[in-house]
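No lab work stands behind these numbers, since they all come straight from the coordinates. Everything quoted here is computed from the prediction, not taken from an experiment. Note that we place each Cβ from the backbone using ideal geometry, even for glycine, and neighbour counts take in every protein chain shown.
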Amino acid sequence: MRLSNQHNLLKESQYLIQLNTRFLEDIQSTLNNGKPVLGRLALYIMALKASCHDLNSVTLLTGEKSEPLITHLKKQIELEKDYMAFSHRPQTNYYQYSLGILALCVSGVRVSSHVSHKLIHAALHGHFKHGESESVDTLAMAGMALQCLKEAETPVKNTEELDKALASIKQKIVDSQRDDGHLGNEFSTGLAVQALLAMGSNVEDCTTSIKALCSDARRGIYHNAMAISQNLPALQQRSYLHLRNKECLNEDDSLDLDAVFLPTLSSVGVKVKVGVEVVKADGKTSSYQIRVPSGVSLLESLTLLQEQQTDFKFEKEDSLWGPFLSAINGEHARQTDRRYWHLASDGKGLNQGKTHTLTVLSHNLCRKLSLT
Ligand code: B12
């Protein structure tokens, strides 16, 4: 919203208050628990920057010591860089590492060449994975981070490699275009358009992808705040890189945010059969059948299944995207683990939890839940 030309200043100031209270508390408690906070911290800094809020006025505590947000972000990214030197992969993921670099860069803070080198190297070696496939979201975030370094003329270890990485990222994003205009899938297209615009593509080159985004938005696909925040800038033909020169002067206040009610499917009384197959890491499979009201989400279906079957239990963790499936029948795969419960239907990874089809499968690097 802050990157748009049109504003609803009251709503935006209310959101800013929530960020400075609830979100800041969430970051502080994650930090207190010694858990990685890189991505959230970067998102928070970028949100403050979007509101031209004084970054030095906000601090976080480590022990007794209170330090500005940027100092914490610099420390987090250094920790992540050191972790990567040792483990050859980030403790969080390359998406968050890119977010960290981007947040430092748009805030005018110099990013060390050792930090940027790790991202450039990962881009050149195809390390941006989401499960087993290439992550268009990560390509996009890394593209924006590296483009920012280029525009800020930040010294890097090897300028030629930076240019090669940018060209490779851009080409991969362009190649990810589907016949319906999406880049990657419905949830990566916004970031991918942002990245292409940031990396110098013309708006006309992105028309079909922007149209696809518009039609998804009209169909109500983006009901999650995280998804909306990634897509809105693209719909406004902006990217997170615009934060670098953001000035909050003479802002228009004409945006009317009346609630729009999207048509919902009337499916009262109609029930559908859902098959759930849980495949654990050792290959052990359990199958379940359940009848659920048509149109309910995957989460609602799993909740109903848990209520009806004593031998099916699941757990979830909160995330900015909503509930992350973290355990099934005692087998844990948390957000911070190198394993996760993979959600699939008809053998294909799900992008969202619709209940027309649903498999949960679990193996060493990924466990799977399949739904039919
Ligand atoms: C990294 C990542 C993962 C990692 C997360 C763990 C890790 N150690 O890094 C792994 C590979 C495990 C993963 C798994 C999945 N992911 Co994912 N993931 C991402 C990615 C690229 C970055 C997330 C991130 O770090 N954000 C920054 C931090 C600051 O925000 P955060 O909220 O704290 O991040 C956490 C959550 O995002 C959570 N998470 C990751 N994926 C998903 C998916 C869902 C549905 C939920 C609720 C939470 C969640 O893990 C993050 C790390 O803790 C995003 C891309 C994007 N555009 O956001 C996709 C993304 C969020 N994932 C997506 C999907 C579809 C999945 C899967 C459902 C794929 C599948 N078919 O199994 C599974 C989730 C299954 C489950 N158990 O619930 C979609 C979500 C779309 C939607 N409708 O909500 C995205 C947008 C990618 C896309 N374009 O399709 N993911």
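Between K284 and K316, the simple spin-label model (points 7 angstrom out along Cα→Cβ) gives 2.5 nm. Only lysines eight or more places from K271 in sequence, or on another chain, were considered; those with a Cα closer than 20 Å are K354. The base-10 log of I(q)/I(0) for segment 9-245, evaluated at q = 0.10 Å⁻¹, reads -0.45 [Debye formula, identical scatterers on Cα atoms, solvent excluded]. Were the residues from A327 through T159 laid out at 0.36 nm apart, the gain over their Cα-Cα distance would be 56.0 nm. Within the chain, antiparallel bridges make up roughly 85 percent of the DSSP beta bridges whose residues both belong there. Can you give the longest run of the chain that contains no GluC sites (Glu not before Pro) sitting in a DSSP loop with at most 11 other Cβ atoms inside 10 Å? It runs 248-372. Placing R0 at 25 angstrom, the Cβ-Cβ distance between H53 and N351 gives a FRET efficiency of 0.15 after rounding to 0.05. Only helices enter the 222 nm calculation for the chain: every DSSP H run of n ≥ 4 contributes -39,500 (n - 2.57), and dividing by all residues gives -13000 deg cm²/dmol, rounded to 500. For segment 122-212, dividing the convex hull volume of the Cα atoms by the residue count gives 85 Å³ per residue.
The stretch between I17 and R110, if pulled fully straight at 0.36 nm per residue, gains 30.6 nm over its current Cα-Cα span. If the chain linking N202 and S29 were pulled fully straight, counting 0.36 nm for each residue of separation and taking away their Cα-Cα distance, it would gain 58.0 nm. Summarising the label geometry, the points placed 7 Å from Cα in the beta-carbon direction at D258 and H88 lie 5.9 nm from one another. Rounded, prolate or oblate: pick one for segment 170-301, where a ≥ b ≥ c are the square roots of the eigenvalues of its C-alpha gyration tensor, a/c under 1.5 means rounded, and failing that, prolate if a/b is larger than b/c, else oblate. Taking the square roots of the gyration eigenvalues as a ≥ b ≥ c, segment 170-301 is prolate.
In terms of its C-alpha gyration tensor, segment 263-329 has an oblate overall shape, because the principal axis ratio a/c (a ≥ b ≥ c, square roots of the eigenvalues) is not below 1.5 and a/b does not outweigh b/c.
Suppose R0 equals 30 Å; then what is the FRET efficiency for S294 and R334 from their Cβ-Cβ distance, rounded to the nearest 0.05? The formula returns an efficiency of 0.40 here. Based on Cα contacts under 8 Å between residues 6+ apart, the chain shows a relative contact order of 13 percent. Distance cut-off 30 Å, Cα to Cα: go down the list K65/K164; K170/K348; K35/K284; K157/K211; K49/K81; K74/K164 and report the pairs above it. Violating the 30 Å limit, Cα to Cα: K65/K164; K35/K284; K157/K211. Approximating the spin labels as points 7 Å out from Cα along Cα→Cβ, the H121-to-D179 distance works out to 4.2 nm.
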